[in-house]
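**Student:** Let me begin by handing over the structure; questions about it come next.
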Amino acid sequence: MKEISSAYNPKETESKIYQKWLDSGYFNPDNLPGARTKTYNIVLPPPNVTGILHIGHALMLVIQDILIRYHRMSGFKTLWLPGTDHAAIATQSKVEAMIYKAEEKTRHDLGREEFLKRVEKYAQESHDTIIEQTKRMGASLDWSREAYTLDPDRNLAVKTAFKKMYDAGLIYRGNRMVNWDPKMQTTVSDDEIEWKDEITSLYYLKYGPFTIATARPETKFGDKYVVMHPEDKRYTQYTHGQQIELEWINGPVKATIIKDDSIDMEFGTGVMTITPWHDAADNEIAKRHNLDFEQIIDQKGKLLAIAGEFTGLHIKKARPLIIEKLQSKGLIEKIDEKYAHRIATNSRGGGIIEPQIMKQWFIDVNKEFELSPEQKLNFPASEKATLKKLMRHTVESGLIKIYPDHFQKTYFHWIDNLKDWCISRQIWYGHQIPVWYKGDQVHCGIEAPKESGWEQDPDTLDTWFSSGLWTFSTLGWPNKTKDMELFHPTSVLETGYDIIFFWVARMILMTTYLLEEIPFKTIYLHGLIRDKDKQKMSKSKGNIIDPLGVIDTYGTDALRIALIFSTAAGNDIPLAEEKIKGMKHFANKLWNIARFILSNTDDFETKIDQAKLTEADKEILSKLELATKEITENIEGLRLNEAAQAAYHFTWHELADIYIEASKAQLQDPELSANTKAVLAKTLKTTLKLLHPFMPFVTEEIWSNLNQKDLLMISEWEK
RNA sequence: GGGCGGUUAGCUCAGUGGUAGAGCAUCUCUUUGACGUAGAGAGGGUCAUAGGUUCAAAUCCUAUACCGCCCACCA
């Protein structure tokens, strides 16, 4: 027999095998042999260029690679399309921090052009790292089609999409309340806000005859509306619109009584004053009653002229001084120093959110429009569409299926509460808004106007605007390409459930409008990986399992099957290193099964003689057929964990424990020897195929010893 | 305040109507020509609790308890 080490060595094998796959060209569907009329296609959720590969990426890559390899072996024209995301705010803030640390310079010190050069350099390096790491997972991605959310092709798609929506009135510019991050000097979307618990002081202030409570006295200068519930019996003497004179921070003011049923009578005194410019809830009340909006705080977090003697002070510094003044004027009734509330922060590395009313670009989710007669959404022709309606319709009608299905409710709930999406950001790294101004004129287009004097809007687009186009911008849209024709809509969108709002919903929004079809037929949501204490993995907690470290110790195949083995869709996964270790044993077991069989036969093409089958032979062949059926059905049904368990169980407890033991005696029997070899050969070959999607490296390596004419990765999955 | 998920072996998790499973841990045996990074075997579970449906429930229904997550304009 050939000289094969008794222990499987993943390190030696993996890079060699991956290169072999690359050389074969089979990652690219155009190179796959056979007729292949059916297509199967997944776009990789693009990892952020700033990041390094974490265990969540590893899980995503494994799930998708299993689906891809299975379908490739099953005769589909299979495309898995890779790419990375420029993650605008996250990337910019990271580079800004690095530059400030090294040179004490801000982006404004460097200027837009120079700063962007720096960001691009960083993004490029970071990109190379994460791509190398992705390859180590064994991902069979078609690198010839790799895309970047900020490259020229995607930029064309973004501009085209923007223009189409602008022309249809679905994108508008307007003054609205936004989440302003004074630290990064940009707006942030609702979904990018992270709420943090904080203990602070709650001040009870005397506001004329009332007592109002506030945690933010520095916003109170402009308060001239006092709001209470219309049914609050304590305040029946006051009427809506009534005006009263009272002494306030900087002197006497005239306050107006407003009755609004959004007021919680139980809270404090049941009375509050409002700050429509700087608080979302107050803003809603003010809009309902058509009240005045006054800005108190500027974009840097400093108080405006309305603050009188405090003008120009930063709110942080102003607060104690304001309290002092209120104290001296006798306007403070009491202070609750242990008031627990939540503050909004920018989760992408910025500061505390200060709501502001600003001129921004928005996508109108409620504006009605008509779909073309060619629409592939089965949306009733009699009805006017809105983005919101289409988002709901695609899932409700079953055009798009979500696994596990309870996430449907989450999805609907989010849509029902969806407000217009603020898409402009005041950062520099990203797609610049394709709108130019000249005096009062506005031009939206793919190219800048030819005449001089036009100036482009300096803002960039929310990173999810470009991500929302991902399923088709990667296929060449807006050009009419062969890839678009073949591979859209995509088969499955596989991602973590934490990203359903950010991304999944936005892809549906963009695709249903721009293409009038669905972006994908199935959404498969995986869970979040947590440590054994169910904590989210994060650098600050120091509980990260580094997939690359694990690969070095146990091998990629062990990590892959460990990740999938006990992972039901949508469930969080506390990953224990012991499981990976156990799966390393499994890879080794398979290796030695192959070694045993290889030491007994060189010929893997011999036909099995049905007449000579022993009971043990019949048993293993029938179990093999059963396992094949079970694994196939489970992969088709997206129960990858059950498929993996079935493959594991068959290999270890049917093939190794029972049949290989039985075969030892049969091999000694001259009557049975030849046929036993044929059964062993057949069983090994099929087992390798069954395990290949889960453990591609070790199976391909063993396969290479079987004198087969082509790679295991394109061998036929025999159902 | 709404919504969702979880509670199964010492630990971490699979299992969704029909005799309870995996990895790790524990114990015993095996240095036999596939495998000592191992194998064979063993112990260990009233499947959170209480009701209900069913011939049959870890699995379906109802309630309770505890844990966790998401959403929300409580000053």
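**Student:** For chain A, give me the percentage of DSSP beta bridges that are antiparallel, rounded to the nearest 5 percent.
**Tutor:** Numbers: 55 of 78 bridges.
Of all bridge pairs located within chain A, approximately 70 percent are antiparallel.
**Student:** A follow-up question, please. Report the Cα centroid-to-centroid distance between the range A:293-309 and the range A:555-615 in angstrom, as an integer.
**Tutor:** 67 Å
**Student:** Which listed residue (A:THR474, A:TRP414, A:TRP454) has the Cα farthest towards the positive end of the charge dipole for the range A:411-492, taking +1 on Lys and Arg C-beta and -1 on Asp and Glu C-beta about the Cα centre?
**Tutor:** Highest projection toward the positive end goes to A:THR474.
**Student:** Okay, moving on. What distance in nm separates the simple spin-label points at A:ALA568 and A:LEU486, each placed 7 Å from Cα in the Cβ direction?
**Tutor:** In this crude label model, A:ALA568 to A:LEU486 measures out at 3.9 nm.
**Student:** In straight Cα distance, which aspartates and glutamates are under 14 Å from A:LYS38, not counting same-chain residues fewer than 8 positions off?
**Tutor:** A:ASP30, A:ASP483, A:GLU485
**Student:** May I pose another question? If you place +1 on the Cβ of every Lys and Arg, -1 on the Cβ of every Asp and Glu, and leave all else neutral, what size is the dipole of chain A about its Cα centre, to the nearest 20 Debye?
**Tutor:** 480 debye
**Student:** I need A:HIS341, A:HIS413, A:HIS71 ordered by Cβ neighbour count within 10 Å, fewest first.
**Tutor:** A:HIS413, A:HIS341, A:HIS71
**Student:** Can you give the Rg to Rh ratio for the range A:112-183, taking only C-alpha atoms and Rh from Kirkwood?
**Tutor:** My calculation puts Rg/Rh at 1.11.
**Student:** A:LEU156 to A:LYS16: extension gain in nm, 0.36 nm per residue of separation minus the Cα-Cα distance? List each step's numbers first, then the result.
**Tutor:** Values: separation 140, 0.36 × 140 = 50.40 nm, distance 3.81 nm.
Value of the extension gain: 46.6 nm.
**Student:** May I ask you to compute the full-extension gain from A:ASP197 to A:ALA7, defined as 0.36 nm times their residue separation minus their alpha-carbon distance, rounded to one decimal in nm?
**Tutor:** That works out to 63.2 nm of additional length.
**Student:** Quick one: dipole size for the range A:321-417, taken about the Cα centre, charges +1 on Lys/Arg Cβ and -1 on Asp/Glu Cβ, in debye to the nearest 20.
**Tutor:** Here the range A:321-417 has a charge dipole of around 160 debye.
**Student:** Could you give the nm distance between label points at A:GLN243 and A:TRP652, where each point is 7 Å from its Cα heading toward the beta carbon?
**Tutor:** Placing both labels 7 Å along Cα→Cβ, they lie 8.2 nm apart.
**Student:** Can you give the extra length, in nm with one decimal, that the chain gains between A:MET98 and A:ALA168 once fully stretched, where that is 0.36 nm per residue apart less the Cα-Cα distance?
**Tutor:** 21.1 nm
**Student:** Shifting gears a bit: Tell me, A:ASP609, A:ASP279 in order of fewest to most beta-carbon neighbours within 10 Å?
**Tutor:** Ascending number of Cβ neighbours within 10 Å: A:ASP609, A:ASP279.
**Student:** Follow-up question, since we're still on this one. Name all residues of the range A:565-609 having a backbone nitrogen under 13 Å from the label point set 7 Å from the Cα of A:ALA674 along its Cα→Cβ direction, giving them as ranges.
**Tutor:** A:606-609
**Student:** Run the quick spin-label model on A:GLU577 and A:THR106: label points 7 Å from Cα toward the beta carbon, then report their separation in nm to one decimal.
**Tutor:** 4.4 nm
**Student:** Can I get the semi-axes of chain A's equivalent ellipsoid? Compute them from the C-alpha gyration tensor as square roots of 5 times the eigenvalues, in angstrom, largest first.
**Tutor:** Numbers: eigenvalues 718, 154, 117 Å².
Equivalent-ellipsoid dimensions as semi-axes: 60, 28, 24 Å.
**Student:** As I understand it, the dipole of chain A uses +1 on the Cβ of Lys and Arg and -1 on the Cβ of Asp and Glu, about the Cα centre. Which of A:HIS431, A:ASN634, A:GLN645 lies farthest toward its positive end?
**Tutor:** A:HIS431
**Student:** Among A:GLY222, A:TYR235, A:ASN290, flag the residue with its Cα farthest along the positive direction of the charge dipole of the range A:206-311, charges on Cβ as +1 for Lys/Arg and -1 for Asp/Glu.
**Tutor:** A:GLY222
**Student:** Can you give me the C-alpha center-to-center distance between the range A:121-153 and the range A:378-426, rounded to a whole angstrom?
**Tutor:** That distance is 31 Å.
**Student:** List the lysines whose alpha-carbon lies under 27 Å from that of A:LYS329, not counting same-chain residues fewer than 8 positions away?
**Tutor:** A:LYS329 reaches A:LYS206, A:LYS220, A:LYS224, A:LYS254, A:LYS302, A:LYS316, A:LYS317, A:LYS338.
Every number in this text was worked out from the coordinates using simple rules, so none of it is lab data. The shown structure was predicted, so the numbers you read here are calculated from the model rather than taken from an experiment. Every residue, glycine among them, receives a Cβ derived from its backbone with ideal geometry; neighbour counts consider all protein chains shown.
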